[in-house]
Structure formats: C-alpha cells, structure tokens
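Written below as structure tokens is the structure these notes are about.
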Amino acid sequence: MSKVAVVTGGSRGIGRGIVLELARLGYRIAIHSRTGGVAAEEAARLAREAGAPEVVTFEADLAEIDAGVALAEAVFLTFGRCDVWVNNAGIAPQVRADLLEMTPESWDTVLATNLRGPFFLSQYVARRMMEIRDGSSAAQHHHVAGTDRTRSASGHIVFVTSVSSELASVARGEYCVSKAGLSMVAHLFAARLADEGIVVTEIRPGIIATDMTAGVREKYDRLMEAGLVPQRRWGTPEDVGRAVAAIARGDLDFSTGAVIHVDGGLTLGRL
Ligand SMILES: NC(=O)c1ccc[n+]([C@@H]2O[C@H](COP(=O)([O-])OP(=O)(O)OC[C@H]3O[C@@H](n4cnc5c(N)ncnc54)[C@H](OP(=O)(O)O)[C@@H]3O)[C@@H](O)[C@H]2O)c1
C-alpha cells in the first residue's frame with residue numbers, strides 16, 4: 001500500500017502546491033481545509049491527475065482543538081496510517097492594524113489558528129504515529145540503542161512557518177508572534193521525537209504568490225524590483241511543495257529539526 005500524506009490547508013495556495021508534489025511521488029493524500037468546496041475538489045482532481053492513487057478531502061476548523069483531533073482520527077481511520085503530516089493551514093490577521101492598535105480578538109484568532117491548534121493537533125498525530133509504529137512490527141523497527149536502528153524514518157511531521165518567525169512586521173504583530181511560536185513548536189517536537197524515529201522539519205517560506213498575499217501584490221512587486229528578495233522573484237506554491245517532497249522522499253532524514261528557508265534569500269544577512 002502506498003504511503004499516506006496529510007496536508008492541512010491543502011485546498012489552495014501553498015498547501016495545494018505541497019499536495020501536488022506529494023501526488024507526483026505517488027502518495028495517497030488527505031486534503032484538509034476549513035471549508036472544502038470547489039477549491040478542495042479542484043485540488044483533489046489535480047492531485048489525482050498528478051498521480052495520487054487515492055485522494056480524500058476533509059473539513060475542520062483547526063482553531064478548535066477538538067476539531068483538529070477529530071480530523072486526525074478521521075484520517076487514521078480512513079487510511080490506517082500516516083507517513084507525512086504537513087501542518088500548513090494558517091491565516092493572516094483580518095486587518096493589518098498597527099501594533100499599537102491591534103485588538104485582543106485578532107491576537108486570539110490568529111494564535112488559536114496558527115499556533116495553539118497546530119500544537120495540540122501535532123501532539124495527537126505524534127502519539128498515533130508512535131502507536132502505529134509500535135503495533136506494526138517490532139521486527140521492522142529495532143528501537144534499541146546502537147547499530148540496529150532502522151535507517152528510514154517511521155514518520156515525518158512538517159511545520160510551515162514563515163519568514164515572519166524572524167522578521168518583524170509592525171502591521172501584523174500577532175501573525176509574527178504566532179509564527180515565531182510555531183518555529184519553537186517545530187523545534188520542541190524535533191527534540192522530543194528524535195529518538196522515536198519521527199523526523200520533524202520546519203519550512204520557512206518567504207513571500208509566496210497565493211490568496212494570502214493577493215492584497216499586497218503591487219507593494220511587493222515594487223519592493224522586489226528594488227531588490228528586497230535577492231533572487232528577485234515571488235515564491236510559488238511549487239517552490240514550497242518541492243521542499244516538502246525532498247522531506248517525504250527521506251532525503252533529509254538525518255536532519256531532524258532543520259529549518260528550510262524557501263525565501264529566495266530574503267532572510268540572508270547582508271551588508
Ligand atoms: N503566502 C505567503 O506569502 C506565505 C509566506 C510564509 C508563510 N505562509 C504560510 O503558509 C501557509 C499557507 O498559506 P497560503 O498563502 O497558502 O494561504 P491561503 O492561500 O490563504 O490558504 C490557506 C489554507 O488554510 C486553510 N485554513 C485557513 N484557516 C483555517 C482554519 N481555521 N482551519 C482549517 N484550515 C484553515 C484554508 O482553508 P479554507 O480555504 O477552507 O478557509 C486554506 O486551505 C500559512 O500557514 C501561511 O501562514 C504563507
């Protein structure tokens with residue numbers, strides 16, 4: 001049976017780009033989104049065309065911890081396993097308000113969706129991956145110290161954070177805080193799961209052309225023209241998808257905790 005990947009927020013934008021690269025690798029795929037609908041169906045159709053042998057769509061509002069756990073339960077029930085779990089779903093603040101005007105409501109919404117939800121969802125997913133690993137075959141996974149360790153990971157968890165983990169945007173401080181927190185969540189899970197055969201990776205995208213950035217396209221066009229991004233172009237969902245594909249292929253299995261920048265050099269220190 002081919003391997004299974006789950007992409008939260010997989011219906012549109014970066015998530016869809018990740019779905020399509022994993023489909024090309026032959027993964028069976030769960031496409032999650034909050035609302036489903038036409039976008040999710042279109043992503044599913046494209047994933048099948050790209051080579052995914054089975055595609056199922058799921059809806060859940062991941063700002064709610066219970067809804068996240070129910071999503072994971074449904075996925076494990078449907079496929080019986082999960083090899084790659086990609087925490088991609090996320091939101092920008094509804095209003096770009098100056099730091100001195102930001103409201104507690106916006107703080108709560110953004111942090112619940114981008115940080116609190118993915119933390120508790122990943123906690124549940126990690127426990128289920130470990131249960132399945134332990135149940136599947138003691139012979140396949142020699143969980144003892146020394147030379148017997150299996151070389152391939154028994155699971156991957158990916159967190160899609162942002163350059164906003166490290167770059168301050170004073171008109172969307174709650175987003176920056178949520179992503180900085182999510183970077184530490186990735187770091188924590190990498191540390192906790194390193195000895196469990198589960199590889200944890202953070203993908204830190206820069207400025208990517210999706211619905212989320214549609215409202216600031218001209219502003220960033222101008223900034224890119226002026227050299228903001230050393231590689232002088234917008235990132236694409238495919239750029240991020242290809243980084244996740246490298247993880248899913250196992251190419252980075254001795255690099256747990258790695259932070260992969262997909263930002264065209266935006267965060268390169270320069271003088
Ligand atoms: N675009 C960028 O420049 C950029 C840069 C760095 C990092 N990122 C991060 O990359 C991820 C994807 O961004 P994107 O630009 O692809 O966003 P997008 O085009 O707005 O798509 C967001 C996806 O997340 C889902 N989603 C949003 N809120 C949700 C919730 N409460 N519960 C469940 N699913 C929810 C959406 O589902 P519905 O459509 O059903 O609402 C959709 O599938 C986000 O975490 C974002 O912070 C983006």
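The mean sequence separation of alpha-carbon pairs under 8 Å and at least six residues apart, normalised by the residue count of region 26-82, gives a relative contact order of 35 percent. Across the chain, the mean sequence separation of Cα contacts (distance under 8 Å, 6 or more residues apart), normalised by length, yields a relative contact order of 20 percent.
In region 160-239, the alpha-carbon atoms span a convex hull of 110 Å³ per residue. Taken one residue at a time, the phi angles of region 209-226 give Karplus couplings (6.51, -1.76, 1.60, θ = phi - 60°) of 6, 8, 4, 4, 9, 4, x, 10, 4, 5, 4, 6, 4, 5, 5, 5, 3, 7 Hz. Gly and Pro are set to x.
The C-alpha atoms of the chain define a longest principal axis, and helix 237-248 lies at about 30 degrees to it.
For region 202-271, the set of chymotrypsin sites (Phe, Trp or Tyr not before Pro) satisfying both a DSSP loop assignment and a count of at most 10 other C-beta atoms within 10 Å is given as Phe254. Hey, what angle do you get for helix 37-50 against the long axis of the chain, alpha-carbon based, 0 to 90 degrees rounded to 10? For helix 37-50, the angle is close to 60 degrees. If R0 is 30 Å, the Cβ-Cβ spacing of Glu131 and Ala191 corresponds to a FRET efficiency of close to 0.90. Label sites at Arg232 and Ala168, each approximated as a point 7 angstrom past Cα along Cα to Cβ, lie 3.1 nm apart. By a 1.4 Å probe calculation restricted to protein chains, Thr210 has an accessible surface near 20 Å², given to the nearest 10.
Sorted on the mean count of surrounding Cβ atoms within 10 Å across their residues, most packed first, peptides 37-47, 78-88 read 78-88, 37-47.
Taking Cα atoms only, the orientation of helix 173-193 departs from the longest principal axis of the chain by about 20 degrees.
Of the peptides 102-114, 178-190, the ranking by mean beta-carbon count within 10 Å, highest at the top, reads 178-190, 102-114. Computed over the chain with a Gaussian network model linking Cα atoms closer than 10 Å, the most mobile of Glu238, Glu225, Glu54 is Glu225. Of the peptides 94-100, 164-170, 13-19, the ranking by mean beta-carbon count within 10 Å, highest at the top, reads 13-19, 164-170, 94-100.
Modelled spin labels at Gln94 and Arg270, positioned 7 Å past Cα toward Cβ, are 3.7 nm from each other. For the pair Ser255/Thr213, report the inter-label distance in nm, with labels modelled 7 Å from Cα in the Cβ direction. Going by the 7 Å Cα→Cβ label model, 2.1 nm. Once every Cα of the chain carries one equal point scatterer and solvent is ignored, give the base-10 log of I(q)/I(0) from the Debye formula at q = 0.10, 0.14 Å⁻¹, two decimals. Normalising to I(0) and taking log10 leaves -0.49, -0.97.
Loop-located trypsin sites (Lys or Arg not before Pro) in region 216-254 (DSSP state not H, G, I, E or B) with no more than 15 neighbouring Cβ atoms inside 10 Å: Arg232, Arg233, Arg249.
The values are calculated or read from the model by the stated rules, or taken from the named source; none is laboratory data. Please read all numbers here as calculations on a predicted model, not as lab measurements. Every residue, glycine among them, receives a Cβ derived from its backbone with ideal geometry; neighbour counts consider all protein chains shown. Calculation scope for accessible area: heavy atoms of the full protein, side chains included, ligands and nucleic acids excluded. Shrake-Rupley method; radii C 1.70, N 1.55, O 1.52, S 1.80 Å.
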